[in-house]
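Engineer: I'd like to ask some things about the structure below.
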Amino acid sequence: MQLKPEEILKKRWGYDTFKPLQKEAIEAALSGRDCLVVLPTGGGKSLCYQMPAAMGKGLVLVVSPLIALMDDQVAAAREAGLEADALHSNLKAAHRGAAWKRLAEGKTQLLYVSPERLLAGDILNEISGRLMLVAVDEAHCVSHWGHEFRPEYRRLTEALDQFPKAARMALTATATPVVQDDIRAQLGLRSPEILIGHPDRPNLIYRAFARRDQFKQVLEVARRHPGEGGIVYAQTRKDVERLAAKLKEEGVSSAPYHAGLSAEERRSAQDDFVNERLDVIVATIAFGMGIDRSNVRYVVHANTPRSVEHYQQESGRAGRDGLPAECALFFAASDLATHRYLAKKDANLTPERERAIERQLRDIGRYAVSPLCRHRLLTEHFGAPYPAQIAPAEAGVLADAAGHGCGACDVCLGETKGLSEEEALLTAKKVLSAAWRAEGRYGTGYVVNLLLGRVNDRMAGNGHDKLQVFGLLKDSGEASIRSWIDQLIVQDFLEVTEDGEYPLLRITEAGRGLCNGRGAVLLGMPVPPKVKGKKKSKALKKAAATFLQGDEELFEKLRALRRAIADKAGIPPYIIFHDSVLIEMAASKPQTLEDLSGIKGVGDKKLEKYGRLFLDIISGRP
Ligand code: ADP
Ligand code: ZN
């Protein structure tokens, strides 16, 4: 007798209910209908195509650009009892042979392929008869408007058209409405069901502060998460090397990752991180596309990312397991100038693309410096209302529909204070007048000194120490003034121009308008407060309110067992059980296999394979 999807969900994956839109996506696939699925990271996209495969109605093909992830995805699907395989260029010969054999025998239920492999055309014959669904993962890669355009994705329809009978499912975590339209068109989706989840990640705590002392600020975050997994993104290789080395000096288990390292060095850093032998990776953005570690507890941007889309994607690597995690961004307007400079080096830059880049830089700048709820800013960027209509009840934090804020960002937590309307306007006018008086002939440092009333020879020579604006903000301190300048830049009241050798700070038309009483401005109190750090695993404790004294010790024992099993099997620990499963084991202390099967995330196969081992640890048997 055919089991229902709900029954399979419980049996194979150990979950009682579907996450939002999973059921709709599965039903579309089963009824042969195309669909577009946009769900945030951790939203459970893989289940949307794994379930149809598990129902035995035919073969499911998954196209993914993340070759590095495929083997882990195959391992995870097999843990749920699926006949899964992958075909890509990095496969060892023996595995490849076995995979082809299973495919020819019609055993395979779920097959992962790289776009190149699919386009090569040699698997068409093997699968065409049985294929029920083609899932295209990371579907935003098909769009020029997205942030990770891949030319080979543009050719996918050629291959898809060879299987007219199979339903198509396009999946992505981040897609603005423009990108969604592009995906539909480029992948030739036929009157698709459009399933767009709410983009908010309620379990993430967002913080955005002005950057003052890069290393100190990064270290503060790392100190809040001792022994937990974290990713630190920096802009240049030099920064990456420096931050990684200094973190190590401070006793944080960390390694660098950037394109200048050998393939071997990168692979070993990545392996160590995924297998929890290493806590922190400091990386340029080259890192992360192939990372599925579910218990990353924090992502720090030591420099500003290129766009809100990049930020959503990169910060989204935190807390995939749904437990609380932190995303901190340390902003400086100079980062945007660097991005602009690098983008302009591209000889093929069209005016259209250049405008898109300018818009992206402005948006991420606004995100970073506006004293507004960060959950709201991110959500609205992706075209959704905030708070979500459905309260994120199972998350560690609650969006407050009454408008008291999310309780999970620096603004709503009261760490960043906005200036009152009046105060903001007054302060902005002071800063703008100084820039105006400097006539756009000097850099930011000069204007800062002017406002601080710090005279130097050059300033005295110009007679600027006699100006009314001289020393106008001397009580505010340099850090605040610098941040206000950044804030005014992203709101277009000031601009930085590169005339000749030095970047010059200049007031814009809008800035002059503001001084003359036209327009409105938002300013935050930029000096970040000390966020009090807890000694140990705050996130984990919060997740398990029932945590009793001594359970942490049990949790660590269970974690050690998980690691030993994973090492032996050559798969990442999170594939065995997520942290949330171990936390619940440590809290509820199941004594029998039946008790254990009641825990969310323990399916039949895992129960059979690992149940006894974990029960032995829980009951203290050697
Ligand atoms: P995405 O690809 O959207 O980032 P994944 O497919 O990796 O998300 O799923 C994220 C996590 O959620 C995984 O650990 C997965 O096992 C879990 N998950 C998926 N579906 C459910 C569900 N219905 N109930 C609880 N957890 C689920
Ligand atoms: Zn908020």
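Bear in mind these aren't lab numbers, they're just calculated from the coordinates by the rules spelled out. Predicted, not measured: the structure shown is a model, and the values here were computed from it. Please note: Cβ atoms are built from the backbone with ideal geometry, for glycine as well, and neighbour counts cover all protein chains shown.
Engineer: Once you place label points 7 Å from the Cα toward the Cβ at Thr17 and Leu426, how far apart are they in nm?
Structural biologist: 5.1 nm
Engineer: Here's a follow-up. Rounded to the nearest 500 deg cm²/dmol, what is the calculated helix-only ellipticity per residue at 222 nm for the chain, with -39500 (n - 2.57) per DSSP H run of length n ≥ 4?
Structural biologist: Theoretical 222 nm ellipticity from helices: -12500 deg cm²/dmol.
Engineer: Let me ask something additional. Along the range 35-51, what does the Karplus equation 6.51 cos²θ - 1.76 cosθ + 1.60 (θ = phi - 60°) give for ³J(HN,Hα), rounded to whole Hz, x for Gly and Pro?
Structural biologist: 8, 10, 10, 10, 10, x, 3, x, x, x, 5, 4, 4, 4, 9, 6, 4
Engineer: Check Val232: other-chain or 5+ apart residues with amide H under 5 Å from its amide H, H built from backbone geometry?
Structural biologist: Ile281, Val282, Ala283, Val300
Engineer: Helix 177-186 against the longest principal axis of the chain: what's the angle in degrees, Cα atoms only, rounded to the nearest 10?
Structural biologist: With rounding to tens, the tilt is 40 degrees.
Engineer: Could you tell me, in Å, what Rg and Dmax come out for the Cα atoms of the range 5-196?
Structural biologist: For the range 5-196, the Cα-based Rg and Dmax read 15.4, 44 Å.
Engineer: How compact and how long is the chain, expressed as Rg and Dmax of its alpha-carbon atoms in Å?
Structural biologist: 26.4, 91
Engineer: While we're here: Distance check, please: which entries in Lys557/Lys605; Lys92/Lys568; Lys45/Lys92; Lys19/Lys417; Lys248/Lys345; Lys344/Lys417 exceed 24 angstrom between their Cα atoms?
Structural biologist: Lys45/Lys92; Lys19/Lys417; Lys248/Lys345; Lys344/Lys417
Engineer: Is the shape of the range 38-115 rounded, prolate or oblate, going by the alpha carbon gyration tensor and its root eigenvalues a ≥ b ≥ c, with a/c under 1.5 for rounded and a/b larger than b/c for prolate?
Structural biologist: The shape class here is oblate.
Engineer: Here is a further query. For the range 270-276, what does the Karplus curve 6.51 cos²θ - 1.76 cosθ + 1.60, with θ = phi - 60°, yield as ³J(HN,Hα) per residue in whole Hz, taken in order and with x for Gly and Pro?
Structural biologist: In residue order, the calculated couplings are 5, 4, 4, 5, 5, 8, 6 Hz.
Engineer: Rounded, prolate or oblate: pick one for the range 204-406, where a ≥ b ≥ c are the square roots of the eigenvalues of its C-alpha gyration tensor, a/c under 1.5 means rounded, and failing that, prolate if a/b is larger than b/c, else oblate.
Structural biologist: Oblate, since a/c reaches 1.5 and b/c is not below a/b.
Engineer: Now for a different question. For the range 136-169, state which trypsin sites (Lys or Arg not before Pro) are in a DSSP loop and have at most 10 other beta carbons lying within 10 Å of their beta carbon.
Structural biologist: Answer by residue number: Lys165.
Engineer: Exposed loop GluC sites (Glu not before Pro) only (DSSP loop, at most 13 other Cβ atoms within 10 Å): please give the longest stretch of the chain free of them, not including the sites.
Structural biologist: Between exposed loop sites, the widest span is 106-249.
Engineer: Return the distance in nm (one decimal) between the two label points of a simple spin-label model at Glu158 and Lys466, each offset 7 Å from Cα along Cα→Cβ.
Structural biologist: 7.4 nm
Engineer: Can you give the FRET efficiency for Glu241 and Ala263, using 1/(1 + (r/R0)^6), R0 = 22 Å, r = Cβ-Cβ distance, to the nearest 0.05?
Structural biologist: It comes to 0.80.
Engineer: Out of the trypsin sites (Lys or Arg not before Pro) in the range 53-101, which ones are loop residues according to DSSP with at most 12 other C-beta atoms within 10 Å?
Structural biologist: Lys92
Engineer: Normalised by the number of residues in the range 214-369, what is the relative contact order in percent for Cα pairs under 8 Å and 6+ residues apart?
Structural biologist: Result for the range 214-369 is 23 percent.
Engineer: I've got another one for you. How large is ³J(HN,Hα) for each residue in the range 592-598, as worked out from phi by the Karplus curve 6.51 cos²θ - 1.76 cosθ + 1.60 (θ = phi - 60°), to whole Hz, x for Gly and Pro?
Structural biologist: So the Karplus estimates, Gly and Pro as x, are 10, 4, 5, 4, 4, 5, x Hz.
Engineer: Follow-up. Once you have all Cα-Cα distances for the range 137-236, histogram them in 5 Å bins from zero and send the whole-percent values.
Structural biologist: All Cα pairs considered, the percentages come to 2, 10, 16, 15, 12, 11, 10, 10, 7, 4, 2, 0.
Engineer: Taking +1 at the Cβ of each Lys and Arg and -1 at the Cβ of each Asp and Glu, which of Thr427, Val218, Leu187 sits farthest along the dipole of the chain towards its positive end, judged by Cα position relative to the Cα centre?
Structural biologist: Of the listed residues, the answer is Val218.
Engineer: What are the principal axis extents of the Cα atoms in the range 196-292, in Å, biggest first?
Structural biologist: Between the extreme Cα coordinates on each principal axis of the range 196-292 lie 39, 34, 25 Å.
Engineer: Over the chain, what is the relative contact order in percent, taking alpha-carbon pairs closer than 8 angstrom and at least six residues apart?
Structural biologist: With pairs under 8 Å counted, the relative contact order is 14 percent.
Engineer: Quick query: amide H of Gly524 versus all other amide H atoms, modeled in the peptide plane; which residues come in under 5 Å with a sequence gap of 5 or more or a different chain?
Structural biologist: Leu419
Engineer: Here's another thing I want to ask about it. Hey, if you put +1 on the Cβ of every Lys and Arg and -1 on every Asp and Glu Cβ in the chain, which of Pro40, Ile489, Tyr610 ends up farthest toward the positive end of that dipole?
Structural biologist: Final value for the positive-end residue is Tyr610.
Engineer: Taking only Cα atoms, what is the 0 to 90° angle, nearest 10, from helix 551-569's long axis to the longest principal axis of the chain?
Structural biologist: 60 degrees
Engineer: I'd like the orientation of helix 579-588 relative to the chain: the angle between its Cα long axis and the longest Cα principal axis, in ° from 0 to 90, rounded to 10.
Structural biologist: Between the helix axis and the principal axis of the chain, the angle is about 70 degrees.
Engineer: Right, next: Taking the DSSP beta bridges in the chain as the whole, what percent of them are antiparallel, to the nearest 5?
Structural biologist: Antiparallel bridges make up about 15 percent of those DSSP assigns within the chain.
Engineer: How many nm is it between the label spots at Arg340 and Asp604, if each spot is 7 Å from the Cα in line with the beta carbon?
Structural biologist: 6.1 nm
Engineer: Next question, about the same structure. So what does log10 I(q)/I(0) come out to for the range 421-522 at q = 0.13, 0.16, 0.24 Å⁻¹, using the Debye formula with one equal point on every Cα and no solvent?
Structural biologist: The Cα Debye sum returns log10 ratios of -0.40, -0.61, -1.37.
Engineer: Hey, another quick one. Ile196's amide H: which non-local residues (gap 5+, or another chain) put their own amide H closer than 5 Å, with H modeled 1.01 Å from N in plane and none for Pro or chain starts?
Structural biologist: Val38
Engineer: Tell me, what is the FRET efficiency for Ala384 and Glu478 to the nearest 0.05, using R0 = 51 angstrom and their Cβ-Cβ distance as r?
Structural biologist: Computed FRET efficiency for Ala384 and Glu478: 0.85.
Engineer: Can I ask one more? I want the local charge near Thr176. Using Cβ-Cβ distances under 10 Å, sum +1 for each Lys or Arg and -1 for each Asp or Glu among the other residues.
Structural biologist: Counting the neighbours of Thr176, the net charge comes to -3.
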